[in-house]
Amino acid sequence: MQYDLSAHEVPDWARCEGKLSGYRLGGTYADCLASLLRCHNSTIDAWTMIVASCISTALALYILHKRANPVPVVAVWLSALIHMPWSVGYHTFAPISNDVCTRWMKLDIAFIFVSGALLAFGLAYNVLPPWGVAVNTLVAVAVAAFAIHAIRRAKTKASDNKVKTATFIGSIVLAYMFPMLYYVARGGRGLPVACAITALLALAVGAFVYCTGYPEAALPGAFDFVGSSHNILHVCVTVAHIAELLFVFGTAQTHRTKINLTTRQWFSS
Ligand SMILES: [Zn+2]
């Protein structure tokens, strides 16, 4: 594997807009795994996802230790864990070849939708009546199935049409954010409301940097190794995930007691 290449030394498919140095090219899967321990322009992208999964596991264990209902906690925790290998794989194996890069990028994006379906179930569990949980989850599963089908057939890289990819991802984010927004709209208070606002803001910032490519779009070469839009996106997704786990923790107490939604109340509201 070649290290420390500049943007003009790698082919188009391996190039990231705004990154001028720190590229790898070629190598085997084993070489790429070894590159996790070296400094290049995707090291932080891979490690942010590994660290996010560790934080998620520690927080989920803490919440379970507090005797919260394990069903929604495990669903939200799994949403991070199930996506991590594919994201790390994409950011690690991409330099091998154009085909490998495209395959892992598609897997990375496809598993965002699998995560979204788990989140739609986990975030709804304490907030909506059982039929609401089922509908919310089914909507997310339908969006995920449609998106994954479109990703499999796509001929171009997702990064070639960032707005379209962000719109797709935004549609499943809406499905899984619905229980949080519903909780706020119903006059919820305290930790869950703070978590809903935090998750919403973090995802908005993440979508902004993903679509615009800031800050490296303004200062090409200045964020090759740390601080790129993709680094910021991963941090934003991690902050949103922590907020989502704490939302489940915060709503565990109110689960079908304080809000006490019955199907009849749902219809009469
Ligand atoms: Zn990524």
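The values are calculated or read from the model by the stated rules, or taken from the named source; none is laboratory data. Worth saying up front: this structure is predicted, and the values here are computed from it rather than measured. Positions of Cβ are backbone-derived with ideal geometry, glycine not excepted, and every protein chain shown enters the neighbour counts.
Of the conditions (1) in a loop (DSSP other than H, G, I, E, B); (2) within 16 Å of the ligand (Cβ to nearest atom), GLY116 satisfies every one except a single condition; which number is it?
Only one criterion is unmet by GLY116, namely (1).
Does ALA217 qualify as being small (Gly, Ala, Ser), exposed (fewer than 15 other Cβ atoms within 10 Å of the Cβ) and farther than 28 Å from VAL135 by Cβ?
It is true that ALA217 is small (Gly, Ala, Ser), exposed (fewer than 15 other Cβ atoms within 10 Å of the Cβ) and farther than 28 Å from VAL135 by Cβ.
Would you tally the residues in the range 92-113 being of a type in the set (Val, Ile, Thr), within 13 Å of the ligand (Cβ to nearest atom) and either more than 19 Å from ALA199 (Cα to Cα) or surrounded by fewer than 19 Cβ atoms within 10 Å (Cβ to Cβ) (or both)?
Count: 2.
Give me the pairs, please: first residue somewhere in the range 187-215 and over 27 Å from LYS164 (Cβ atoms), second residue anywhere and of a type in the set (Ser, Thr, Tyr) and in a helix (DSSP H, G or I), beta-carbon distance under 6 Å, and either six or more positions apart or on two chains.
Going by the 6 Å Cβ cut-off, the qualifying pairs are PRO192/TYR183; PRO192/THR251.
If you scan the range 203-218, which residues turn out to be of a type in the set (A, V, I, L, M) and more than 17 Å from ARG15 (Cβ to Cβ)?
Within the range 203-218, LEU203, ALA204, VAL205, ALA207, VAL209, ALA218 meet the criteria.
Across the range 218-231, what is the total count of residues that are within 11 Å of the ligand (Cβ to nearest atom) and hydrophobic (A, V, I, L, M, F, W, C)?
0
Could you run through the range 171-186 and say how many residues are in a helix (DSSP H, G or I) and touching a residue at least 60 places away in the same chain (Cβ under 8 Å)?
Qualifying residue count for the region: 4.
Give the number of residues within the range 57-91 that are in contact (Cβ under 8 Å) with a residue 60 or more places away in the chain and away from the ligand (no atom under 16 Å from the Cβ).
The qualifying residues number 10.
Taking the range 56-65, which residues are surrounded by 15 or more Cβ atoms within 10 Å (Cβ to Cβ) and either aliphatic (A, V, I, L, M) or not in a helix (DSSP H, G or I) (or both)?
Within the range 56-65, LEU59, ALA60, ILE63, LEU64 meet the criteria.
Restricting to the range 147-181, count the residues that are modelled with pLDDT of 90 or more and not aliphatic (A, V, I, L, M).
Residues meeting the conditions: 4.
Taking the stated definitions as given, is VAL184 closer than 17 Å to SER115 by Cβ and modelled with pLDDT of 85 or more?
no
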